[in-house]
Amino acid sequence: MNFKHLKTFVEVAQCKSFSHAATRLHTGQSAISRHITALEGDLTVTLLARNTRTVELTPAGERFLQHAQAILKHCEVAKEDAQLVQSGEKGLLRIGYLSSACVHFLPQLLRSFTDINSGVTVKLDEMTVSQQLQAFTEGAIDIGFSRPIEKTHEGLLKEKHIIDDPICAVVAHDHPLSKHTVLPLTTIAKYSLILFARAHAPSLFDSLMAAFHYQQLKPSVVSEPTSMQALLTEIASSRCVALVPSCIQNLHTQGCTFIPLKTHLHAELKMHWLAKPNATTLTWLNWYEEHGPQLIPGPS
């Protein structure tokens, strides 16, 4: 069944005239006749009863007209849908994110994006840095919000700086250091240290250890939790000290006290995407360039 033959049949049925249909379709009457004859041959039914004066639908033609109109309408919708997907105005945007680093701005960011780009469906997955890298490698996410990713993957990804989050110390509310208003690394190094797992955020772990080594300090790292909430639970129930980005204060922090550092350290948050982005990702990036920065609050 030829798509052009369907359009011809619908036009003839509506005009009840081969000549009028030919005029509307900008073709010759002989072509109209060939299309109808071919369509009837494909269907092995007579669709039109015609003579030198009139063209009428047969009962089979009346029923087939309903199907033909529905097919043409569906094809038009499919065409528009495909064009929207190709342009990035419609589709799926898959975002991986660090919940602890993004909880204070991501909901508003996504709400503003979908208000303007209602045809794009956003799928969120909470992921560590290493999980995001694996997901990018497998083509499972389009956008990632994480700490810096190792430079060995520069060819795979592009990135944009989002925010610098100050590092602070966190201790239990009844810890001996809890009353301090600021803490030097020399004091912190005297206590057992808890840091977020290096396997999941190597750049953050390494930068914190480098700060100690720069001052010729050798802290004792006794635990590397794989979630920030678990880290806070360990701190609230121990006499250890942790160093964390200040955004962690947006999590459940009962029993914990956060203290600024004398040494100014920060954790960088970046947005990553594939070096060869799809159309939906480009829609996000173009939107973010215009609207995103003003929706990101300053450091905690």
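The values are calculated or read from the model by the stated rules, or taken from the named source; none is laboratory data. All of these numbers come straight from a predicted model, not from anything done at the bench. Here the Cβ positions follow ideal geometry from the backbone for every residue, glycine too, while neighbour counts run over all protein chains shown.
Residue 22 passes all but one of (1) touching a Phe, Trp or Tyr at 6+ places or on another chain (Cβ under 6 Å); (2) surrounded by 17 or more Cβ atoms within 10 Å (Cβ to Cβ); which number fails? Against the list (1) touching a Phe, Trp or Tyr at 6+ places or on another chain (Cβ under 6 Å); (2) surrounded by 17 or more Cβ atoms within 10 Å (Cβ to Cβ), residue 22 comes up short only on (1).
Conditions tested, residue by residue: (1) surrounded by fewer than 16 Cβ atoms within 10 Å (Cβ to Cβ); (2) within 15 Å of the chain's Cα centre (by Cα); (3) not acidic (Asp, Glu).
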{"position": "64", "(1), (2), (3)": "no, no, yes"}
{"position": "72", "(1), (2), (3)": "yes, no, yes"}
{"position": "82", "(1), (2), (3)": "yes, no, yes"}
{"position": "106", "(1), (2), (3)": "no, yes, yes"}
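Matching residues to (1) farther than 30 Å from residue 200 by Cβ; (2) surrounded by 13 or more Cβ atoms within 10 Å (Cβ to Cβ); (3) without any contact (Cβ under 8 Å) to a residue 24 or more places away in the chain:
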| residue | (1), (2), (3) |
| --- | --- |
| 17 | yes, yes, no |
| 33 | yes, yes, yes |
| 38 | yes, yes, no |
| 44 | yes, no, yes |
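Just to verify a result, which residue in region 50-62, among those that are out of contact with any helix residue (DSSP H, G or I) (no Cβ under 8 Å at 6 or more places or on another chain) and farther than 14 Å from residue 10 by Cα, is surrounded by the fewest Cβ atoms within 10 Å (Cβ to Cβ)? Among those that are out of contact with any helix residue (DSSP H, G or I) (no Cβ under 8 Å at 6 or more places or on another chain) and farther than 14 Å from residue 10 by Cα, it is 52. Filtering region 226-277 to residues that are part of a helix (DSSP H, G or I) and without any contact (Cβ under 8 Å) to a residue 12 or more places away in the chain leaves 230, 233.
Do we find that residue 234 is in contact with a strand residue (DSSP E or B) (Cβ under 9 Å, 6 or more places away or on another chain), over 17 Å from residue 177 (Cβ atoms) and among the acidic types (Asp, Glu) in this structure? Let's see the steps before the verdict.
Details: in contact with a strand residue (DSSP E or B) (Cβ under 9 Å, 6 or more places away or on another chain): yes; over 17 Å from residue 177 (Cβ atoms): no; among the acidic types (Asp, Glu): yes.
For residue 234, the condition - in contact with a strand residue (DSSP E or B) (Cβ under 9 Å, 6 or more places away or on another chain), over 17 Å from residue 177 (Cβ atoms) and among the acidic types (Asp, Glu) - is not met.
When the residues of region 189-206 are filtered to those that are over 16 Å from residue 248 (Cβ atoms), at pLDDT 95 or above and not charged (D, E, K, R), the one that is surrounded by the fewest Cβ atoms within 10 Å (Cβ to Cβ) is 192.
Looking only at region 160-182, decide whether some residue is of a type in the set (S, T, N, Q), in the same structural domain as residue 254 (by TED's automatic domain parsing) and outside any strand (DSSP E or B). Yes: one or more hits. Just one residue in the set 285, 269, 274 is out of contact with any Ser or Thr (no Cβ under 8 Å at 6 or more places or on another chain) and buried (at least 17 other Cβ atoms within 10 Å of the Cβ); that residue is 285. No other residue among 40, 80 is out of contact with any Gly (no Cβ under 7 Å at 6 or more places or on another chain), modelled with pLDDT of 90 or more and of a type outside the set (A, V, I, L, M) apart from 40.
Residue pairs whose Cβ atoms lie under 9 Å apart, separated by 6 or more positions or on different chains, with the first residue in region 132-146 and among the aromatic types (Phe, Trp, Tyr) and the second in a helix (DSSP H, G or I), are 136/153; 145/101; 145/102; 145/106; 145/132. Any residue at all in region 179-200 that's within 39 Å of the chain's Cα centre (by Cα) and free of Cβ contacts under 8 Å to residues at least 24 places away in the same chain? No, every residue in region 179-200 fails to be within 39 Å of the chain's Cα centre (by Cα) and free of Cβ contacts under 8 Å to residues at least 24 places away in the same chain.
How many of the residues in region 11-23 are more than 14 Å from residue 72 (Cβ to Cβ) and under 49 Å from the mean Cα position of the chain (by Cα)?
Adding up the residues that qualify gives 4.
Per the listing 80, 62, 56, 76, the residue uniquely charged (D, E, K, R), out of contact with any Asp or Glu (no Cβ under 6 Å at 6 or more places or on another chain) and not in a helix (DSSP H, G or I) is 56. Taking the criterion of being among the aromatic types (Phe, Trp, Tyr) and surrounded by 14 or more Cβ atoms within 10 Å (Cβ to Cβ), the only residue of region 209-229 that qualifies is 212. Filtered by the rule that a residue be more than 21 Å from residue 71 (Cβ to Cβ), hydrophobic (A, V, I, L, M, F, W, C) and not in a helix (DSSP H, G or I), region 1-51 gives a lone residue, 49.
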